[in-house]
Each structure stands twice: as C-alpha cells, then as structure tokens.
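The values are calculated or read from the model by the stated rules, or taken from the named source; none is laboratory data. On a predicted model such as this, the values are computed, not experimentally measured, just so you know. Because the Cβ atoms are built from the backbone with ideal geometry, glycine has one as well, and the counts that use them run over all protein chains shown. Heads up: the accessible areas ignore ligands, DNA and RNA and are worked out on the full protein's heavy atoms, side chains in. Shrake-Rupley method; radii C 1.70, N 1.55, O 1.52, S 1.80 Å.
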Amino acid sequence: RQSSKYIRGGTFMLQIKNLTKKFGDKIAVNHLNLTVDSGDIYGFIGHNGAGKTTTIKAVTGISHFDEGEILIDGKSIQSQPIECKKMMAYIPDNPDLYEHLTGIQYLNFIADVYQVDSEKRFQLIDKYSTQFEIKQNLGDLVSSYSHGMKQKLAIISALVHQPKLLILDEPFVGLDPKASLTLKKIMHELCLEGTAIFFSTHVLEVAEKLCNKVAIIKAGELLACGDMEEVKGNSSLENVFMELTDHE
C-alpha cells in the first residue's frame, strides 16, 4: 500500500464538515466530518443502510443535505457546484449509461462535456480501453455490453478528464478478477500522481490492502477514521469493523 506523499499546499481535496442528511424524521447521516487529502486512497465502509451512498450523493452534488458543508479543493459543492464537478468524477454502483450510443460515442460525449482536447482524449481512451480489454468493443452499442463491460466503460469515462477527485460507490461489484486488479493498479497510479480517491466498499480485504486511510460508518454515525494502520492496529480491518459495528 502506498501512503500519501502528495498534499496540495496543505489544501484538502475533499472536506466534509458536520454533514447531516435527513429523510423525514430519519437521520441518514449525522454530523459527519471527514477530510481526504490529494494522494489518498480513502476507504468508506459500513453495512447496507449505514449512510455511505447518501454521503457520496451529497459530496457529488446529486442530493441536497440539511446541515454542514462540503468543500472540493476549497470550493463549496452548494454554492460552486459547476466548479466542483469539473474537478471530480463519480462512478455509481450501477452506472446508468446512454445505451443508444456506441462505447466510443459515449466516451467522446463525456470528453466533450469536460472539454478534453482530441489528442489527450485519444491517448487516455486508448490507454484505459486497452488495459480493461474493451478497445475492440468500443464500436459496439452500449446496449450490447455485459454488466461488467458497462462498468469498465463507466470507469474509463470517469478517467478521461483526469479528475483531481475520484469518487466510487462499490467499484469492484460486477468486475471480474482481472479487471479488479487493473482498477487497483490504476487507483495506485492516480494516487501517486496526486489524485484523491474516496470509495465505498463491502470488500474489507480489498480496502485493507488498497487504502492508506479508512472511515467506518454505522447508522449515519462515524465510528472510526484515520490512517489504516492506526485504525486497525494489530488486528485486521475485518475484526475492527465487526467489533465496532456489533457493539451497541
């Protein structure tokens, strides 16, 4: 695992300050505080319904929240949403793609949205489609893709504008072992280049090996966060997670 060596002049890439989100009387996320530095691979773990996806949707500007503040490289997702979204990429657990387009049309559409020049997009699309072994399928309609291929296309589309912050919700679901290994290698490369990565996962073994930082959430409450080695101590992440989340 690579520890972060890259911090942008002391500025956190993602700051979540006292985030609170309610659905009626239910508090889904309760005064959550997290900071993700440039170069971090930050794992966000918890049971189903713990508040992971709710937090991620607030961070990405998809969902409104009731209290708190979310800053992307010092900019507010509420007051400067366009500026924030230019710097980030989000891959949901079940990507909803434009199935009437071919793979290459979809990637070019995303590159157009982010104003990526033709030379840079060609280079990145070629690189990542080769690594994920779908280059030969880019001329096919997205509707003909398997779930795993759609997941790969969504990942490539997220990387085509070289985001400073990459947010992933259960990114390894639907990927075969080889594609999962490819994604882990890419995440490490991005980390070393200074990209901040914040992702939720149920696969604790992956989080323990891949992340330099981790946060554990239960019923909207943050139970533990910080450097992976400090959080898990002499135990495994799985043991710490079970101990914290089973304790009432």
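A few remarks follow.
- Cross-linked pairs LYS22/LYS86; LYS26/LYS185; LYS17/LYS178: Cα-Cα separations exceed 29 Å for LYS26/LYS185; LYS17/LYS178.
- When only alpha carbons are used to place a centre, the range 161-204 and the range 17-57 end up 18 Å from one another.
- Bridges between two residues of the range 85-233, per DSSP, are antiparallel at a rate of about 45%.
- Relative contact order for the chain, counting Cα pairs under 8 Å that sit 6 or more residues apart, in percent: 29
- Computed about the Cα centre, the dipole magnitude for the range 192-248 is approximately 140 debye when only Lys and Arg (+1) and Asp and Glu (-1) carry charge, each at its Cβ.
- Full extension of the chain between GLU133 and TYR98 gives 10.6 nm of extra length, using 0.36 nm per residue less the Cα-Cα distance.
- The range 16-98, relative contact order in percent, only Cα pairs under 8 angstrom and at least six apart counted: 28
- Think of the range 127-184 as a dipole: +1 on every Lys or Arg Cβ, -1 on every Asp or Glu Cβ, centred on the Cα centre; then among GLY174, SER157, LEU141, SER157 lies furthest on the positive end.
- The range 96-152 shape via C-alpha gyration tensor axes, a/c threshold 1.5: oblate
- With all protein chains in place and a 1.4 Å probe, the accessible surface of the chain carries 49 percent carbon and sulfur.
- Ordering of 205-216, 140-151, 186-197 by packing [mean C-beta count within 10 Å, highest first]: 205-216, 186-197, 140-151
- C-alpha long axis of helix 118-131 to longest principal axis of the chain, angle in °: 70
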